[in-house]
Each structure stands twice: as structure tokens, then as C-alpha cells.
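This is the structure I have questions about; it appears just below.
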Amino acid sequence: MGRADPLQHVDLLIDWKPAPTYAGFYIARETEAFRRRGLDVRIVEGHGAAVAAQMLGAGKEYWIGSSSASATAIGRSRDLPIRSLSVYYRRTPAVLYSRAEDRIDAPRDLIGKRVGLVTGSTTVDEYRALLSANRIDRNRIREIEVDRTANALLDKQVDALLDYEEITPAELQSQGRRIAVMRLADFGVRIYSLNLVVNEAAWLTREKTARLVAEAVTEGYQFVRDRTAEAAAIFGKLFPDFPPRYVELSMQIVARQLAVPIGSQTRLGWEDTLKILNGQRLLGRAVSPEEVAIYD
């Protein structure tokens, strides 16, 4: 590309508010991984994975962005014209977090306990998959509707809450609170999570651009994995309202989530994901891994 060639503008939708979860996207921008590929990328924050999948499916404002694998697959099963281009989290980062003294370390420890659920969150579906995988009757657990904060746990209105490990649990731990986490992926919920999604019609006309975006984001997450402390420093400068200790701890968790090779997805991985979603009757119809993902 010559010096005079203009950069191609891309609006890239992330499925939630800025958090270390999405550090690879921001690091790609700040280290000029996008620019070196001839791209001028504007990162736009979203309102949840399901909403992001719908917006990317519509293809009007955004044609490429992040979602969760479950939202991608569910959307595809309901005829949204979207497909996964890359997977960054090969395991769900969802955890049940609790006060350490309550000793909720395994699914059976939830029996008789109060679990807070956020209506509309994909973590609720994964929690139900956890109970199913471990043959636990939901009626033996008291489920309580809560908001997205940790207040219900801190005020002892519930015994456990759900979130991505690198978000609220890391924030509480960074404050010195004794918080235990139970990773759903350790107890049978084998499901892909954070992924890069492309609108199918846009893929037909912008495949080269989409692949360049994917390359740059992979480079950004590789930076997070290889130079975690430096990534935390860059992200912390971008979002100074986040406490530095939280960003450091959260970035370490994100780095651990990134399986090598970063961004890769397999038919087997999607088969496992689809099997769990189908078992929870979340899919609108049966879909194949080939319908959901684009493989190199």
C-alpha cells in the first residue's frame, strides 16, 4: 500500500461496554495493528451479545463485531445472516462467584442456596447448562432476579452470582474481598465464548477487509497474552476510571483465557457448543458448525 492510499474506515461493534475482555480490540487500535493493514477502525460499545448479533445480522449500522458464541449460534439458528470468523475464548469465562467462607466450590454446593440471575444475560443459559450437565434439579436452588451489580451478594441477599471471571469477580478480588469462583467450564459447560462475527452479505463483498480486521484483532490479543502487564498499562491509560489493580488482575485472567493459536476455531469446538445449546433447547432449529463458522 502506498503512502497516499487512504485508510479504509470500519465501524467495529463490541458487544458490551469497554472492559479488559475486549482488550485485544483496543490494543490492536493503540498499537496501530489496524492502521498497518490500511484500516481506520472505530470501536463502538454495544448492549449485550444477543443485541450485537441482531445488529450485525441486520447489517445496516455494523457488519463486523464481537459477540458470544452462544448468541452467534442462537442467532444463526433463528436465521440471522451471521457467521463466526474467529474465536478468542475457547472456554466460557462465566463463573459463579460467592463469598469464600460459604465454600461453594462445586455445582452440588448450590443445592439449597440462593443464586442471583440477571434477566436476559447469556450467563443464565450457561448456568442452566451447568445444572443440566451435573444433573441438578433447578427446584433445589432458589433463583432470585438481581441487577448486574454485586450488591445482592455483598448484602447477603444471595449466596452466589454469575459473571465473567475478569469482570466483577476480579474487581471484588482487586479490592481485597475474599471471593471464590467456580468456573462453569470446569464442570461440563464446554462452550465457545467471545468471538468475531461478520454479516454474511458483507462477507461476500468485504472478505479481504474482514480478514484484515480479524488479523489485527488476533495480533491485539497475542499482545495481551505475551505482554500482559504492558497491555494492562495501555488499557488503563485509555480507561483511567478503572482502578489499576483491577485492570492488572483482570488482564491476567483474560490472558489465561486465550488459547493458542489465538483466534482459531474448530468444527469439534463448535459441535460441543451447539450440543450444549441444543440440550438447553435454545436453538431455533438444528444448525451445523459449517453454518455457524467460517473456516480457513
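The values are calculated or read from the model by the stated rules, or taken from the named source; none is laboratory data. These figures come from a predicted structure and were not determined experimentally. Positions of Cβ are generated from backbone atoms using ideal geometry, with glycine treated the same way; all protein chains shown enter the neighbour counts. The protein model used for the area step is the full one, side chains on, heavy atoms only, and it has no ligands, DNA or RNA in it. Shrake-Rupley method; radii C 1.70, N 1.55, O 1.52, S 1.80 Å.
Out of 216, 255, I need the residue that is within 19 Å of the chain's Cα centre (by Cα), free of Cβ contacts under 8 Å to residues at least 60 places away in the same chain and surrounded by 19 or more Cβ atoms within 10 Å (Cβ to Cβ). Which one? Steps first, answer last, please.
Numbers: 216 fails: free of Cβ contacts under 8 Å to residues at least 60 places away in the same chain.
None of the others qualify; the one that does is 255.
Residues being small (Gly, Ala, Ser) and either under 25 Å from residue 279 (Cβ atoms) or open to solvent by 100 Å² or more (accessible area, probe 1.4 Å) (or both): count how many of those fall in the range 133-153.
We begin by selecting, within the range 133-153, every residue small (Gly, Ala, Ser); these are 133, 150, 152.
Subsequent filtering for residues that are either under 25 Å from residue 279 (Cβ atoms) or open to solvent by 100 Å² or more (accessible area, probe 1.4 Å) (or both) retains 133.
Matching residues across the range 133-153 total 1.
Sticking with this one: Does any residue of the range 92-114 turn out to be under 25 Å from residue 295 (Cα atoms) and either in contact with a helix residue (DSSP H, G or I) (Cβ under 6 Å, 6 or more places away or on another chain) or polar (S, T, N, Q) (or both)?
Of the range 92-114, the ones under 25 Å from residue 295 (Cα atoms) are 92-93.
When the remaining residues are screened for being either in contact with a helix residue (DSSP H, G or I) (Cβ under 6 Å, 6 or more places away or on another chain) or polar (S, T, N, Q) (or both), the result is 92-93.
Yes: the range 92-114 contains one or more residues that are under 25 Å from residue 295 (Cα atoms) and either in contact with a helix residue (DSSP H, G or I) (Cβ under 6 Å, 6 or more places away or on another chain) or polar (S, T, N, Q) (or both).
Among the residues of the range 107-132, what is the count of those that are in a helix (DSSP H, G or I), open to solvent by 60 Å² or more (accessible area, probe 1.4 Å) and among the small types (Gly, Ala, Ser)? I'd like the intermediate steps shown before the answer.
Looking only at the range 107-132, we keep the residues that are in a helix (DSSP H, G or I), and these are 107-110, 122-132.
Now drop any that are not open to solvent by 60 Å² or more (accessible area, probe 1.4 Å), which leaves 108, 128, 132.
Keeping just the survivors that are among the small types (Gly, Ala, Ser) gives 132.
Within the range 107-132, residues that are in a helix (DSSP H, G or I), open to solvent by 60 Å² or more (accessible area, probe 1.4 Å) and among the small types (Gly, Ala, Ser) number 1.
Given the residues 247, 260, 287, which is the only one that is under 21 Å from residue 122 (Cα atoms) and of a type outside the set (Ser, Thr, Tyr)?
On the way: 247 fails: under 21 Å from residue 122 (Cα atoms); 260 fails: under 21 Å from residue 122 (Cα atoms).
It is 287.
A further question follows. May I ask you to list pairs of residues, at least six apart or on different chains, whose Cβ atoms are under 7 Å apart, with the first in the range 122-137 being under 16 Å from residue 183 (Cβ atoms) and the second being of a type in the set (Phe, Trp, Tyr) and open to solvent by 10 Å² or more (accessible area, probe 1.4 Å)?
Taking only residues 6 or more apart or on different chains, the pairs are 130/187; 133/187; 134/187.
A further question on this structure: Of all residues being touching a Leu at 6+ places or on another chain (Cβ under 7 Å) and open to solvent by 10 Å² or more (accessible area, probe 1.4 Å) in the range 43-56, which is nearest to residue 192 (Cα to Cα)? Just the residue, please. Quick ask: steps written out before the conclusion?
So in the range 43-56, the residues touching a Leu at 6+ places or on another chain (Cβ under 7 Å) come out as 43-44, 46, 52-56.
Applying the additional criterion that residues be open to solvent by 10 Å² or more (accessible area, probe 1.4 Å) yields 43-44, 54-55.
Working: 43: 23, 44: 23, 54: 19, 55: 20 Å.
My answer is 54.
When the residues of the range 163-173 are filtered to those that are out of contact with any Asp or Glu (no Cβ under 8 Å at 6 or more places or on another chain) and not acidic (Asp, Glu), which remaining residue is most open to solvent (accessible area, probe 1.4 Å)? Please lay out each step first, then the result.
To start, the set of residues in the range 163-173 that are out of contact with any Asp or Glu (no Cβ under 8 Å at 6 or more places or on another chain) comprises 163-168, 170-173.
From the residues that got through so far, the ones that are not acidic (Asp, Glu) too are 164, 167-168, 170, 172-173.
Values: 164: 33, 167: 39, 168: 16, 170: 0, 172: 9, 173: 62 Å².
So, considering only residues that are out of contact with any Asp or Glu (no Cβ under 8 Å at 6 or more places or on another chain) and not acidic (Asp, Glu), the one most open to solvent (accessible area, probe 1.4 Å) is 173.
Any chance the range 188-200 includes a residue that's among the small types (Gly, Ala, Ser) and out of contact with any helix residue (DSSP H, G or I) (no Cβ under 9 Å at 6 or more places or on another chain)? Steps first, answer last, please.
Just the residues of the range 188-200 that are among the small types (Gly, Ala, Ser), to begin with: 188, 193.
Going one step further and asking which of them are out of contact with any helix residue (DSSP H, G or I) (no Cβ under 9 Å at 6 or more places or on another chain), we end up with none.
So far as the range 188-200 goes, no, none of its residues is among the small types (Gly, Ala, Ser) and out of contact with any helix residue (DSSP H, G or I) (no Cβ under 9 Å at 6 or more places or on another chain).
A follow-up question, please. Going residue by residue through the range 79-99, is there one that turns out to be surrounded by fewer than 17 Cβ atoms within 10 Å (Cβ to Cβ), touching an Asp or Glu at 6+ places or on another chain (Cβ under 6 Å) and in a strand (DSSP E or B)? Please lay out each step first, then the result.
Within the range 79-99, the first condition is being surrounded by fewer than 17 Cβ atoms within 10 Å (Cβ to Cβ), and the residues that meet it are 79, 81.
From what's left, touching an Asp or Glu at 6+ places or on another chain (Cβ under 6 Å): 81.
Checking which are in a strand (DSSP E or B) leaves us with none.
No, the conditions are met nowhere in the range 79-99.
Go through (1) out of contact with any helix residue (DSSP H, G or I) (no Cβ under 6 Å at 6 or more places or on another chain); (2) part of a helix (DSSP H, G or I); (3) free of Cβ contacts under 8 Å to residues at least 40 places away in the same chain one by one and return the number of the condition residue 236 breaks.
(1)
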